[in-house]
Amino acid sequence: MDTHTPAPSPKSSRGRRGRQQNHRERRRVEMELELEAMRKHDFSWHPCRVSLRSSGVGLIVEYGTNDTDDCIVTKEEALSRLRIRSTPLHGDECSLLREGDRVLATRKSPPKSLFFDAQVEKPLRVRHSKKIHCRCMFVVRWIHHGREGETATIPSSAIMKMSAECITLHPTIVAFFSSLTTPNHCTISPLPTVLKGMDYERDVLQLEKQIEDISNAADSSGIKVSENLIDGDVLPYVVTSLYI
């Protein structure tokens, strides 16, 4: 009797495709979150993406969770609160950690675990085995505010390696810094020029009126009046000579 492998049901196929699609979506979001930002209220670090505000002033910080977005408006704040995302330790990378190295470490605080800056105080190494995951432990000293100076012993799986890349090379950060150094452009109103022209015309009319008044007075008194044009200005003066 022939035996055949039963064909997968349409329901199971749809479920598998859905899981694969969700996994790809998570990976896509994970790749987009190439930076991490520090929250001001508790100094914890979270994966994020950044974008320029539509107004051109400031950075919008979008966290990978449903938390409220944040905003950064100064260069100093960007340098202190943003950096290239830290990565988990893989393989034998735990052997590269030395005393004094700065790391990002998990600290359990209900209702969830958060990542904070820490410094390696002492590595407690265990020989690696291909059959068992890394069992190394590390004594770390917290360096964030509120827990500064306290120590804890945590496994290597709770430690993230900080990136050596500089945040100032990130294209969005470069654009943000450039926007801070670009002077504000403003359009100069032509109104002062128009008013200046109007004042000049008014002055000329007043001079012409004065010349006319002086001429009329000279005609009645026998005084000769001349006009001298110098550099476009009308300068009336009276020549004190009598008609003969």
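The values are calculated or read from the model by the stated rules, or taken from the named source; none is laboratory data. Since the structure is predicted, the reported quantities are computational estimates derived from the model, not experimental observations. Virtual Cβ from ideal backbone geometry, glycine too; neighbours counted across all protein chains shown.
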(Q) I'd like the residue in the stretch 107-148 that is closer than 19 Å to MET38 by Cβ and either outside the structural domain of LEU97 (by TED's automatic domain parsing) or outside any strand (DSSP E or B) (or both) and, out of all such residues, is modelled with the highest pLDDT. (A) ILE143
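Restrict the check to the stretch 24-34 and report whether at least one residue is touching a Leu at 6+ places or on another chain (Cβ under 6 Å) and at pLDDT 70 or above. So that I can check it myself, show each step before the final result.
As a first pass, look at the stretch 24-34 and keep what is touching a Leu at 6+ places or on another chain (Cβ under 6 Å): none.
Looking for residues that are touching a Leu at 6+ places or on another chain (Cβ under 6 Å) and at pLDDT 70 or above, one finds none in the stretch 24-34, hence no.
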